[in-house]
Amino acid sequence: MKKYDILEKETSKNIIPFLFILWLYSWNQGWVNMAACRFDSGYLISLGSSLGIFFVLYTLVKNLYGKKSLIWQFVLFCGRYSLVIYSVHAIEKFTCDWKFISSFFNIPKDYSSVFQIVIRVLIAYLGARLLLKNKFIREKIFRVEN
């Protein structure tokens, strides 16, 4: 992408909203797992949606780089401690039944995807913060030094 300057072309910038909508659709249909070759919304839509979220994240990081905003601090935390966040996310994925949780809190089906995204981001962020508070886990398991 860098070799052909795809990220900076105007045509790429025009297609980002479409690809992001594909990502929302793909995410709503199930999940994308390239390791297990599982593409619930179809291979091409899943591939396009992955490109869409990549473009969105790239644009977000590029525009916020070096700023002291709260969003940038969150993105920086997620990048710096991505292995810790991934570990929390993996545990959450196999322990939470999101259909049950949505029905327990009486979340309408139309809003359950948004509810799930917000709660999963909060769990990943707060769980990572909690793990990083423990010196042994932070330094011996994740090899993070402050």
Filter the stretch 69-93 for residues that are at pLDDT 85 or above and β-branched (Val, Ile, Thr); the one that is surrounded by the fewest Cβ atoms within 10 Å (Cβ to Cβ) is 91
Does residue 128 meet the test of being within 13 Å of the chain's Cα centre (by Cα), at pLDDT 85 or above and small (Gly, Ala, Ser)?
-> no
Considering only residues of the stretch 94-116 that are under 18 Å from the mean Cα position of the chain (by Cα) and surrounded by 12 or more Cβ atoms within 10 Å (Cβ to Cβ), which is nearest to residue 29 (Cα to Cα)?
-> 113
What number goes with the only condition from (1) among the charged types (D, E, K, R); (2) at pLDDT 90 or above; (3) not in a helix (DSSP H, G or I) that residue 143 does not pass?
-> (2)
Residue 87 vs (1) among the polar types (S, T, N, Q); (2) within 26 Å of residue 15 (Cα to Cα); (3) touching a helix residue (DSSP H, G or I) at 6+ places or on another chain (Cβ under 8 Å): all pass except (2)
Residue 119: part of a helix (DSSP H, G or I), within 13 Å of the chain's Cα centre (by Cα), within 19 Å of residue 29 (Cα to Cα) and outside the structural domain of residue 23 (by TED's automatic domain parsing), yes or no?
-> yes
Could you run through the stretch 28-68 and say how many residues are closer than 26 Å to residue 9 by Cβ, within 13 Å of the chain's Cα centre (by Cα) and either outside any helix (DSSP H, G or I) or modelled with pLDDT under 75 (or both)?
-> 1
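The values are calculated or read from the model by the stated rules, or taken from the named source; none is laboratory data. Values in this document were obtained by computation on a predicted structure and should not be read as measured data. With ideal geometry, Cβ positions are generated from the backbone for all residues, glycine too; neighbour counts draw on all protein chains shown.
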